Amino acid sequence: MTAEATGDSVGHIEAHGIEFIPERDRHGKPSDVALVFFGSQLTYGSIIMGAMPIGFGLTLLQAFSAIIVGTLIGAAGVAGMAMLGPGSGTNTVVASGAFFGVRGRHVGSAITQVIDLGYFGMCIWVCAPQLAQLLHVAGAPDGRTTTVCAIIVCALVMLAIGLLGHATIVAYEKVISYASMITIAIIVGACWLYPVGHPPAPGHFQPGGFWGSWMLSVSALIANAISYAPFAGDYARYMPARTRPLAMFNWTLAGMLGGCAVGLSAGVVLALNVGNPFTVSTDMMRSMPLWLMVPVSISGLGANIANGGMVVYNGILSLHAVLYRLKRAQVAYVFGALGLAIGYFGLIAYNMAESIMALCSIVTMLATPWVMITLLGYARDKCHFDAISLQLFNTPGGRYWYHRGYNLAAVIAWFLAVACGLPFSDNSLFIGPFAPLLDGVDVSFIVSALVGALAYAFICALARPVKKISLKEEVLF
């Protein structure tokens, strides 16, 4: 069965939404998922994240140790969530209904929708100035009108990629991965040969000394990687049901680790050759010859737009779990309207870029325990899904119809996790009462993840085992 016959081909609008994908339509390979996550890390965002440990005063080896630890933990969460795709045949939000309840999937849908809209705004914020600068070089006037036009163009291109869907994103990531690796190699080489400065000597740590700076780096890198976990199943759902969970885990882990290794390592090297690691994305361009500036900028813009397209695709599927009576293409227009509104009002009218980034930090704290509970539930069910029951969104009956459609064990554990994690938040929007005790290290998502996992395991141990239930029969757990 060819991709064209399944309603998922390059350059055509994907037919499938959150409904179960029949086996005959699953033409994906685990390496496709690895490629998507590999390419997603080859952006200026990864370079900025890689430069942070040097900015926090760590040495080269200390920075790499933070990158290895943080990325490995975060990437393991992404790889774990990818295992749900082949068995469930649907996206991660709907698959979470097996553990949160068929209606409890709205917990994941709400979380991922805020993440997607927030990151969509961030992608516009990153891409629009790049495009505006290129338009200025081409002769367009430098001003508000050009910036607004750049926002609209970037948003529409991202929306088009997300609307076209799975096959187009996989193909785009193949091209952009090669182009991005070449671009990053050129930037690193130019900055290494012609440094524009050097950072302060190692040892100028953040509050808390070495361990405070190292933990701050690790926590930021865990959050960077694990933020992709809620969307792993959006691509893994196209894997045949016979795909081994371990193979799915290994391929996804390899893709995330490989992409992070390239992007973050480039950030470390660049940070050592600029005066201020926290402005590496602008300082690094000063070492480039003028004739390379335009092609490098175009390649970087293409990579960032690819990330934006992924965010849109994920957001459409997450919103489709709520607006399931509509077709995926119709949901795309709704998400597009919301995203454009955030892009304009949040970034132009009110200049809320920093607030949007802080919101994404808070939402990562909400998403991490959701990921942990989902993975624990998947392990308790021995990696098995009842795919038909997952699709019974409003019909009492089926394996996953718990108390009024909600599995209270998972929902209560998630609420406890959020309640315990929020006091440790430390960002521009909210500083929790316990955050000052850790000298600025935001461990809110780590606390929420541990509490969520322990609470869910404890509640499940007290409750009677889940059993298959008949129509309209309800159980508590």
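The values are calculated or read from the model by the stated rules, or taken from the named source; none is laboratory data. Given the structure is predicted, the values throughout are model-derived calculations rather than measurements. In this analysis, Cβ positions are derived from the backbone assuming ideal geometry, glycine residues included, and neighbour counts consider all displayed protein chains.
For the range 400-426, taking the residues that are surrounded by fewer than 20 Cβ atoms within 10 Å (Cβ to Cβ) and touching an Asp or Glu at 6+ places or on another chain (Cβ under 9 Å), the one that is farthest from GLU19 (Cα to Cα) is identified as HIS403. Could you please let me know if SER361 is polar (S, T, N, Q), under 25 Å from the mean Cα position of the chain (by Cα), at pLDDT below 85 and surrounded by fewer than 18 Cβ atoms within 10 Å (Cβ to Cβ)? So SER361 fails the test. Take the residues in the range 190-218 that are part of a helix (DSSP H, G or I) and in contact with a Gly (Cβ under 6 Å, 6 or more places away or on another chain); name whichever of them is surrounded by the fewest Cβ atoms within 10 Å (Cβ to Cβ). Among those that are part of a helix (DSSP H, G or I) and in contact with a Gly (Cβ under 6 Å, 6 or more places away or on another chain), it is VAL218.
Kindly indicate whether any position in the range 235-247 is polar (S, T, N, Q), in contact (Cβ under 8 Å) with a residue 40 or more places away in the chain and under 30 Å from LEU437 (Cα atoms). Within the range 235-247 (the criterion being polar (S, T, N, Q), in contact (Cβ under 8 Å) with a residue 40 or more places away in the chain and under 30 Å from LEU437 (Cα atoms)), the answer is no, since none of the residues qualifies. For VAL268, are the conditions met, namely being over 28 Å from ALA34 (Cβ atoms) and in contact with a helix residue (DSSP H, G or I) (Cβ under 6 Å, 6 or more places away or on another chain)? It is false that VAL268 is over 28 Å from ALA34 (Cβ atoms) and in contact with a helix residue (DSSP H, G or I) (Cβ under 6 Å, 6 or more places away or on another chain).
Residues satisfying the criterion are present in the range 99-116 (criterion: surrounded by fewer than 24 Cβ atoms within 10 Å (Cβ to Cβ), part of a helix (DSSP H, G or I) and without any contact (Cβ under 8 Å) to a residue 60 or more places away in the chain).
Residue by residue, here is whether (1) at negative phi; (2) modelled with pLDDT under 85; (3) in contact with a strand residue (DSSP E or B) (Cβ under 8 Å, 6 or more places away or on another chain) holds:
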{"position": "GLY343", "(1), (2), (3)": "yes, yes, no"}
{"position": "ALA353", "(1), (2), (3)": "yes, yes, no"}
{"position": "MET357", "(1), (2), (3)": "yes, yes, no"}
{"position": "GLY398", "(1), (2), (3)": "no, yes, no"}
{"position": "ASN407", "(1), (2), (3)": "yes, no, no"}
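Taking the stated definitions as given, is MET284 farther than 24 Å from GLY77 by Cβ, part of a helix (DSSP H, G or I) and touching a helix residue (DSSP H, G or I) at 6+ places or on another chain (Cβ under 6 Å)? Answer is yes for this residue.
Among the residues of the range 384-395, are any under 23 Å from SER318 (Cα atoms), touching a Lys or Arg at 6+ places or on another chain (Cβ under 8 Å), assigned to a helix (DSSP H, G or I) and touching a residue at least 60 places away in the same chain (Cβ under 8 Å)? Taking every residue of the range 384-395 in turn, at least one turns out to be under 23 Å from SER318 (Cα atoms), touching a Lys or Arg at 6+ places or on another chain (Cβ under 8 Å), assigned to a helix (DSSP H, G or I) and touching a residue at least 60 places away in the same chain (Cβ under 8 Å).
For the range 273-287, what are the residues that are hydrophobic (A, V, I, L, M, F, W, C) and crowded, with 20+ Cβ neighbours inside 10 Å? I'd like the intermediate steps shown before the answer.
Of the residues in the range 273-287, the ones hydrophobic (A, V, I, L, M, F, W, C) are 274, 278, 280, 284-285.
Residues satisfying the conditions are VAL274, VAL280, MET284.
Any idea which residue in the range 219-259 is modelled with the lowest pLDDT, counting only those that are outside any helix (DSSP H, G or I) and either buried (at least 19 other Cβ atoms within 10 Å of the Cβ) or within 17 Å of the chain's Cα centre (by Cα) (or both)? Don't jump to the end; show me each part of the working.
Taking the range 219-259 and keeping what is outside any helix (DSSP H, G or I), we get 227-228, 237-244.
Next, only the ones that are either buried (at least 19 other Cβ atoms within 10 Å of the Cβ) or within 17 Å of the chain's Cα centre (by Cα) (or both) stay: 227-228, 237-239, 243.
Working: SER227: 84, TYR228: 89, ARG237: 93, TYR238: 93, MET239: 93, THR243: 92.
Of everything passing the filter in the range 219-259, SER227 is modelled with the lowest pLDDT.
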